[in-house]
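*Asks:* Questions regarding the structure given below will be posed in turn.
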There are 2 protein chains.
Amino acid sequence: MWCSTINSLIFVWLLCVHSMIIAQHVEDNCYLPHNLIEEIDSYGPAVQRIINETMQGSFKGATWEDLATFVDKFGPRFTGTKVLEDAIDYVLNKSIDLGLDNVHGEPATVPHWVRGSESATLLQPRQKDLALLGLGYSIGTPEEGITANAVVVNSFAELKKRADEIPGKIVVYNQKFVSYGETVEYRGSGAVRAAELGAVAALIRSVTPFSLYTPHTGMMSYAENVTKIPAACITVEDATLLGRMADRGETIVINLKMGAKSYPDTQSRNVIADIAGSSAPEKAVVVSGHIDSWDVGQGALDDGGGIFISWNALKVLKHLDIRARRTIRMIMWTAEELGLIGAEQYIRNHAAENGNMQFVMESDFGTFAPMGLEISGNEMVQCILQRIMRLLAPLGDMQLKSPSTAPDISFWIKAGVPGGGLWNRNEKYFYYHHTNADTMLAENPKALDMNTALFAAVSYVLADISLDLPQHNFSSVSH
Amino acid sequence: MWCSTINSLIFVWLLCVHSMIIAQHVEDNCYLPHNLIEEIDSYGPAVQRIINETMQGSFKGATWEDLATFVDKFGPRFTGTKVLEDAIDYVLNKSIDLGLDNVHGEPATVPHWVRGSESATLLQPRQKDLALLGLGYSIGTPEEGITANAVVVNSFAELKKRADEIPGKIVVYNQKFVSYGETVEYRGSGAVRAAELGAVAALIRSVTPFSLYTPHTGMMSYAENVTKIPAACITVEDATLLGRMADRGETIVINLKMGAKSYPDTQSRNVIADIAGSSAPEKAVVVSGHIDSWDVGQGALDDGGGIFISWNALKVLKHLDIRARRTIRMIMWTAEELGLIGAEQYIRNHAAENGNMQFVMESDFGTFAPMGLEISGNEMVQCILQRIMRLLAPLGDMQLKSPSTAPDISFWIKAGVPGGGLWNRNEKYFYYHHTNADTMLAENPKALDMNTALFAAVSYVLADISLDLPQHNFSSVSH
């Protein structure tokens, strides 16, 4: 999952912040036409079949097993690497073998940033290695590194107040974790704000509520006319250590070495596989996640889980020989972590088809036990979804909240296409996010089955229902 | 905190296992003489003063601050390092400045093991770095490392069954975490058991119920007439990954490099500081913890917290000008992590004084919010302690359980001296134990204050009470 502040995508970031702070449950004030209610309810037996097959039948545990096989085989799948393209080929080939329709990769031009080797060493007041992860798009340092005194600040406000101390220094941000949406701004724009005041590098406290000496990576961005300086995240443990040392008046000297480098853009692919619609194949419901990951851990949670509940939703439907009137399309986005790169290009290239998009779904905030969906759509869409949620009762009390904060599909939602993301019990999501701990240990077989069933059932009902969902005026539903 | 299986100390290990599995609360079937009850209860006002001064008075937050200053200054304090001896000097000098009595270091001969640089790389089925921490006392590898196929086993039973596969292999133990006492046997004797079957190295899943890609170190031991092979702990994430790869029939090849080396024994010191008794200074109550730590993290929890609640208990009493009839002695043990080395020598050297030991206390299982004490002593001792616990009501409902599992003081307890350790809410203790995450983030100011108050109050009452506590026949109280 990616949230940042780069200007062109400020909208997405606002959604992230917005949702995390004031997301609201959808109230049940729905008055749908009686025949529509009847039609939705008539999908009950089909939904039950899907849930049974996924939870107790031949697919029980399959999403976990399939995901483990995939992430164990490929490991992390960073944009610009051969392993990402190999993983894409694996999905394409398996999708063809499974008899899915329209299986293909759609080219996307993607950035090519390479971490290189990196280290940070506290030299004064005592020698200590500082675990770190450089941030995506950061420049590197000279080979001998940058050695400078550090100024530790707890906030952007403090940085501003102490502007005269900053020139020539390494700025260490020891900001508290408030929420991801709010706190990630330090990772996104910490380097620019420090560089504006003359800093030579920025070290940012990892954006997480809990750490076991765990550095987190993620994206940062530079601004025009501001000197680019290297930026990395250090652990909460070391940021607070440096904070205490600074509070005691100790002089802090750090050496930072980063081999990070940006290369010319390269090519990747979004992965598409369909169950073609029986009567209106040009119309589609999309289930999606992103296939790329950061270059740490296994990308199991971010976003292996998302792509596998999407893919396995199609596999379950195919296995049950369930074909809807409209197409059910799985998309695995590429280069999400470097700024929604694959999704932006795909959706731009397919803008003419927006009117055919019935509903777009995504999972990119973890695949823990589901709580429902977080959606954007007008009142009617919300009411239809609410009625569909009732069919999912065997999975528990599935609810809706609004708006959607799903990142990749946000371009569609902005264009008026109704859609939304998985809402799940992801309180611990940011423990693992963008770290070496993003592995299969963070995934649970039953939760994955539930999410696969939810994606399969919702996408099927919406793809088969007689009504074309109304699109929305974005401004009316998302703020 | 150290628990292992080396033969000479099997007793301590049994205590560890025993307590973690069948520790029982002490029942309230006490019939103390009326005048003894009255005497204990008469300490109520003094205990209240101690608690007030620690929790709300001039010592509020002091244990956290003092501990942070110490661990931030020195970092980890591994046996055989100059930094441990510097830390010992720091405590000695401060204790003299504070006006404590009998301040001195008592020499102890200690092992000198050095980790050196270390790495493990998965070469097949795909290339991947495996985070690791070599185990204390392990031998190193040749410079180019050991490259061998790996056999992954889930238990010693499986190792035995697959004995014919082991020669020439690296054994990877992917044992589940059951409890520390039970599971740590893999760390302690995994190398020996693998070497007996011809393995060339052992990689053990870190002994923890929760991981964020966190390797844990700790002690291992070799056995006579069994070839010494290198041993290290890898993360739960990588152990389970290797387990899944093996289950899929994949060939696993690993390169292990360890620069570990043992040097001739060297010298360290146990740290002693007293508040001398007013009328029976030769008799003593001991509060203690160990000053050495593993060479990772800050040794804040293991066992910075233990030594600082002990030291600050004396500081509070000194500040309040409270002097008991008997001596209250703080001891900071050295070289605990390498096998209770300092404590064993101290207690052997002072065996003649055992009869003067009124009660011995220790904190080495974390300094989270206190729940009471875990003690060894006969019925009368237990009943006296139970009555004293009532005086601590301002700290919450303090309880007793039995037996004591405190490691360093176990030599005294075995000799019949009543004593015990802090019982605290340490459910997450093993998240941090022997890792880089053992830092001040794992410590809480209020919990530390409560523990300091508890140690100060209990040690004062027991040091001042008219009755010499009866010693026990060890076999009658600990099993």
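The values are calculated or read from the model by the stated rules, or taken from the named source; none is laboratory data. Because the structure is a prediction, the values reported are computed rather than measured. Glycine gets a Cβ as well: all are built from the backbone with ideal geometry, and neighbour counts include every protein chain shown.
*Asks:* For A:Leu84, are the conditions met, namely being assigned to a strand (DSSP E or B) and within 25 Å of the chain's Cα centre (by Cα)?
*Replies:* no
*Asks:* Residues being in a helix (DSSP H, G or I) and under 18 Å from the mean Cα position of the chain (by Cα): count how many of those fall in the range B:380-417.
*Replies:* Residues meeting the conditions: 5.
*Asks:* Now for a separate question. From the list B:Asp164, B:Asp97, which one is without any contact (Cβ under 8 Å) to a residue 60 or more places away in the chain, surrounded by fewer than 16 Cβ atoms within 10 Å (Cβ to Cβ) and not assigned by TED's automatic domain parsing to the domain that holds B:Val253?
*Replies:* B:Asp97
*Asks:* Let me ask something else about it. Any residue at all in the range A:418-436 that's more than 22 Å from A:Val184 (Cα to Cα), at pLDDT 95 or above and among the aliphatic types (A, V, I, L, M)?
*Replies:* Looking for residues that are more than 22 Å from A:Val184 (Cα to Cα), at pLDDT 95 or above and among the aliphatic types (A, V, I, L, M), one finds none in the range A:418-436, hence no.
*Asks:* Across the range B:193-218, which residue is nearest to the other protein chains (Cβ to nearest Cβ) among those that are touching a helix residue (DSSP H, G or I) at 6+ places or on another chain (Cβ under 7 Å) and in a strand (DSSP E or B)?
*Replies:* Per the criteria, the residue is B:Arg205.
*Asks:* Restricting to the range B:56-81, name every residue that is assigned to a loop (DSSP other than H, G, I, E, B), touching a residue at least 40 places away in the same chain (Cβ under 8 Å) and not hydrophobic (A, V, I, L, M, F, W, C).
*Replies:* Once the filter is applied, which keeps residues that are assigned to a loop (DSSP other than H, G, I, E, B), touching a residue at least 40 places away in the same chain (Cβ under 8 Å) and not hydrophobic (A, V, I, L, M, F, W, C), the range B:56-81 yields B:Ser58, B:Lys60, B:Gly61, B:Gly75, B:Pro76, B:Arg77, B:Thr79, B:Gly80, B:Thr81.
*Asks:* Pick from A:Arg244, A:Arg269: which is in the same structural domain as A:Pro142 (by TED's automatic domain parsing), at pLDDT 95 or above and touching a helix residue (DSSP H, G or I) at 6+ places or on another chain (Cβ under 6 Å)?
*Replies:* Of A:Arg244, A:Arg269, the one residue that is in the same structural domain as A:Pro142 (by TED's automatic domain parsing), at pLDDT 95 or above and touching a helix residue (DSSP H, G or I) at 6+ places or on another chain (Cβ under 6 Å) is A:Arg244.
*Asks:* Taking the condition of being within 14 Å of another protein chain (Cβ to nearest Cβ) and within 17 Å of A:Leu92 (Cβ to Cβ), how many residues in the range A:294-311 meet it?
*Replies:* Of the residues in the range A:294-311, 1 are within 14 Å of another protein chain (Cβ to nearest Cβ) and within 17 Å of A:Leu92 (Cβ to Cβ).
*Asks:* Next question. Sort through A:Arg329, A:Arg348 and tell me the only one that's in a strand (DSSP E or B) and either of a type in the set (Lys, Arg) or within 14 Å of the chain's Cα centre (by Cα) (or both).
*Replies:* After ruling out the rest, the residue left standing is A:Arg329.
*Asks:* A further question on this structure: Give me the strands (runs of 3 or more DSSP E) completely within the range A:242-293, filtered to those with at least 2 residues that are closer than 30 Å to A:Arg326 by Cβ and more than 14 Å from chain B (Cβ to nearest Cβ), ordered by residue number.
*Replies:* A:261-275, A:280-290
*Asks:* Something else about it: Residues that are of a type outside the set (A, V, I, L, M) and within 14 Å of another protein chain (Cβ to nearest Cβ): find the strands (runs of 3 or more DSSP E) completely inside the range B:106-158 holding 3 or more of those.
*Replies:* In the range B:106-158, the matching strands (runs of 3 or more DSSP E) lie at B:118-124.
*Asks:* Would you pick out the residues in the range A:440-478 that are under 21 Å from the mean Cα position of the chain (by Cα) and at pLDDT below 95?
*Replies:* Residue satisfying the conditions is A:Ser478 alone.
*Asks:* When residues of the range B:169-184 are filtered for being among the charged types (D, E, K, R) and surrounded by fewer than 20 Cβ atoms within 10 Å (Cβ to Cβ), how many remain?
*Replies:* 2
*Asks:* Would you tally the residues in the range A:421-458 being of a type in the set (Gly, Ala, Ser) and either farther than 15 Å from A:Met398 by Cα or touching a Pro at 6+ places or on another chain (Cβ under 8 Å) (or both)?
*Replies:* 3
*Asks:* Scan the range B:167-188 for residues that are in contact (Cβ under 8 Å) with a residue 12 or more places away in the chain and either assigned to a loop (DSSP other than H, G, I, E, B) or among the polar types (S, T, N, Q) (or both) and report the count.
*Replies:* So the count comes out to 9.
*Asks:* Only one residue in B:Thr63, B:Thr69 is of a type in the set (Ser, Thr, Tyr) and within 20 Å of the chain's Cα centre (by Cα). Which one?
*Replies:* Result: B:Thr63 is the single residue among B:Thr63, B:Thr69 that is of a type in the set (Ser, Thr, Tyr) and within 20 Å of the chain's Cα centre (by Cα).
*Asks:* Would you call B:Asp303 part of a helix (DSSP H, G or I), acidic (Asp, Glu), out of contact with any Cys (no Cβ under 7 Å at 6 or more places or on another chain) and closer than 30 Å to B:Ser119 by Cα?
*Replies:* Yes: the conditions hold for B:Asp303.
*Asks:* Related question: Could you please give the count of residues in the range B:228-253 that are surrounded by fewer than 14 Cβ atoms within 10 Å (Cβ to Cβ) and of a type in the set (Val, Ile, Thr)?
*Replies:* Number satisfying all stated conditions: 1.
*Asks:* Let me ask you something else. Filter the range A:58-90 for residues that are more than 14 Å from every other protein chain (Cβ to nearest Cβ) and under 14 Å from A:Ala313 (Cα atoms); which is surrounded by the fewest Cβ atoms within 10 Å (Cβ to Cβ)?
*Replies:* Among those residues, the one meeting the criterion is A:Ser58.
*Asks:* Could you tell me which of the residues A:Gly198, A:Gly181, A:Gly190, A:Gly243 is touching a Cys at 6+ places or on another chain (Cβ under 7 Å) and not charged (D, E, K, R)?
*Replies:* A:Gly181
*Asks:* Of the residues in the range A:418-449, how many are away from chain B (no Cβ under 14 Å), surrounded by fewer than 21 Cβ atoms within 10 Å (Cβ to Cβ) and part of a loop (DSSP other than H, G, I, E, B)?
*Replies:* Final tally of qualifying residues: 3.
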